[in-house]
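Take a look at the structure set out below.
The values are calculated or read from the model by the stated rules, or taken from the named source; none is laboratory data. None of the values given here were measured: they were computed from a predicted structure. All Cβ positions, even for glycine, are placed from backbone atoms using ideal geometry, and neighbour counts span all protein chains on display. Heads up: the accessible areas ignore ligands, DNA and RNA and are worked out on the full protein's heavy atoms, side chains in. Shrake-Rupley method; radii C 1.70, N 1.55, O 1.52, S 1.80 Å.
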Amino acid sequence: MTPAPAPEPASLPDRLRGVFAAEQITETHISWVFLEREHVYKVKKPVDLGFLDFRTLARRRHFCEEEVRLNRRLAPDTYLGVKEIKRKGRTVEVAVWMRRLPAELMLDRLVAEGRADTALMERIGRVIADFHVTAAHGRAISHFGSRKVVERNWRENFTQTRRLPPEVLRPDVRDGVRAWVARFLRDNARRFTDRIRARRIRDCHGDLQAQHICCPDPIRIYDCIEFNHRFRYGDTAGEIAFLAMDLDVLGRPDLAMDFVNAYLDAGGDYAAVPLLDFYRAYRAWVRGKVLGMQGEARYARAHDYFALAASYTAPRPTPRLTVMTGLMGSGKTTAARRVSREDAIIVRTDAVRRQVAGVPWHHRDGAGFGEGLYTPEMTERTYARCLEIARDLLAARWSVVLDGVYGRRAERDAARALAKEVGVPVQVLWCDPPEAVLRERLRRRAARATDLSEGREDLLDAQKARYERPEGEPDVVKSEGASAAPSDASPR
């Protein structure tokens, strides 16, 4: 039985009445959205809000076409085109035409229902990392990541929120965040320049919230910003900070760290990490501003976002260095993820090895022990690079987990020396389960092509012969390893 069409809102203009047989109609400040059984039609309102101008049909058509073009980057089979709405043979309106996505697989809903896990965040992190690699960049785009533009954006935020009542934005919170932002911009001027030189300013999504991520296979990410370059062009660090902040709001900072670490594994942009608190504070402040401007009904939520922004400006605790060690299949990565959920960055040798070699994260070497990407020379370069990354992150007061075999005493001692150099505590976490467990895990891993590790059962004996067990070394905590490998199941 076909459900009755949803009642049309009073604000709907006559030219749109009776056009769609929508089961549901939602209205925002800039659009009407008509949800049919299999399709969605989105019509832009003829409004001028300063940051967007949809007043003419020609402009609405242009931005509908832009919305389709840009969103096809991350949801190619979802955005079907632009529909002309005609009356008496004349086009009176246009609409973005989309395939309807399953509401039960939206990330915010999966998080709320406890159905989001590490494996899902890993998939999302890899999708975003791959997207950022191919996203457009250039001089005009890089301008939006400059210290000058970022400072102007913050100044605008402070100006636009100065009239909010103190029950929404306390003066001490506003003044404290403003002072922190000024210090950060002054003390980290070189980071913004380095980000431009590294081509990390890209044509991004611009609105990477959990509600805009649908999680079938493959993942679709939709509803990017199409109407204003300024809101979409920016540092990729700001984009990943947006989703991390949103997951914090949803009460799952552990999933936020899973996402960030998966993104770093796939993309290698560890220089983004020292900017994450800065951009998380920025994104939270913008959300508070938008909600605060919507009136008293949203004041409580706006207050919470401003408080969250302030929390990101608090001094970070003393960082720590954790070094994983153990044979392939011993559960090191699973244990490392558990440690990382306490606000630590994982520097994984399996990922860094590919980055050093200049091959993508999904590259599979398939070589024998000590061959291909795993020659002694390549391993030495990989471990040296891991220490470089760890040094920079620890100096920025982020805790680090070095996740790899670290099978030689010299490799572990090098990590201990680094910890002493930068003045942080160190712990070596030794995963040492029974051999039968190792072999079973390696057999299960062989069936999962998505794992970065290329450890195989036929390589285990060769690795055992060369592994220097850390018995009697300082700072070692022994574990039989994680009880199981992380699930690779995902919502379907």
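The residue of the stretch 211-239 that is least open to solvent (accessible area, probe 1.4 Å), among those that are under 20 Å from R115 (Cβ atoms) and part of a loop (DSSP other than H, G, I, E, B), is C215. Among the residues in the stretch 7-30, are any charged (D, E, K, R) and within 32 Å of the chain's Cα centre (by Cα)? Yes, some residue in the stretch 7-30 is charged (D, E, K, R) and within 32 Å of the chain's Cα centre (by Cα).
In the stretch 316-327, the residues that are of a type in the set (A, V, I, L, M) reach residues that are open to solvent by 40 Å² or more (accessible area, probe 1.4 Å) with C-beta atoms within less than 7 angstrom, at least six apart or across chains, in these pairs: L327/K464. Whenever a residue of the stretch 343-367 is in contact (Cβ under 8 Å) with a residue 60 or more places away in the chain and of a type in the set (D, E, K, R), it has no partner that is open to solvent by 40 Å² or more (accessible area, probe 1.4 Å) and in a strand (DSSP E or B) lying with C-beta atoms less than 7 angstrom away and at least six residues away or across chains.
In a residue-by-residue description of the stretch 174-195, the property of being surrounded by 16 or more Cβ atoms within 10 Å (Cβ to Cβ) and over 21 Å from L275 (Cβ atoms) applies to at least one position.
Criterion applied to L442, L418 was being more than 24 Å from V476 (Cα to Cα) and either β-branched (V, I, T) or in contact (Cβ under 8 Å) with a residue 40 or more places away in the chain (or both), and the one residue passing it is L442. Close contacts from the stretch 399-413, counting a first residue that is within 18 Å of L460 (Cα to Cα) and modelled with pLDDT of 95 or more and a second that is assigned to a loop (DSSP other than H, G, I, E, B) and among the aromatic types (F, W, Y), with Cβ to Cβ under 6 Å and a gap of 6+ residues or different chains, come to G407/Y467. Within the stretch 46-53, none of the residues are part of a helix (DSSP H, G or I) and farther than 30 Å from H363 by Cα.
Return the residues of the stretch 335-364 that are in a helix (DSSP H, G or I) and either open to solvent by less than 20 Å² (accessible area, probe 1.4 Å) or touching a strand residue (DSSP E or B) at 6+ places or on another chain (Cβ under 6 Å) (or both); say none if nothing qualifies. Result: A335, A336, V339, S340, T349, A351, V352, R353, R354. If I filter the stretch 106-162 down to residues being polar (S, T, N, Q) and open to solvent by less than 60 Å² (accessible area, probe 1.4 Å), which single residue comes out as farthest from A237 (Cα to Cα)? For the stretch 106-162, the residue satisfying everything is T161. Starting from residues that are in contact (Cβ under 8 Å) with a residue 24 or more places away in the chain and open to solvent by 70 Å² or more (accessible area, probe 1.4 Å), keep the ones in the stretch 70-105 and report whichever is farthest from Q209 (Cα to Cα). In this case the residue turns out to be R87.
At least 3 residues being touching a residue at least 40 places away in the same chain (Cβ under 8 Å) and of a type in the set (D, E, K, R) is the threshold, and among the helices (runs of 4 or more DSSP H) wholly inside the stretch 120-210 those reaching it are 189-197. Per the listing G472, G455, the residue uniquely touching a Leu at 6+ places or on another chain (Cβ under 9 Å), over 26 Å from P274 (Cα atoms) and not in a helix (DSSP H, G or I) is G455. Among the residues here, T318 does not qualify as open to solvent by less than 10 Å² (accessible area, probe 1.4 Å), polar (S, T, N, Q), on the phi < 0 side of the Ramachandran plot and not in a helix (DSSP H, G or I). Please verify whether the stretch 301-311 includes one or more residues that are among the polar types (S, T, N, Q) and either open to solvent by 50 Å² or more (accessible area, probe 1.4 Å) or over 23 Å from the mean Cα position of the chain (by Cα) (or both). Checked against the condition, which is being among the polar types (S, T, N, Q) and either open to solvent by 50 Å² or more (accessible area, probe 1.4 Å) or over 23 Å from the mean Cα position of the chain (by Cα) (or both), the stretch 301-311 yields at least one hit.
For the stretch 76-109, the set of residues classified as basic (K, R), touching a Leu at 6+ places or on another chain (Cβ under 9 Å) and part of a strand (DSSP E or B) consists of R99 only.
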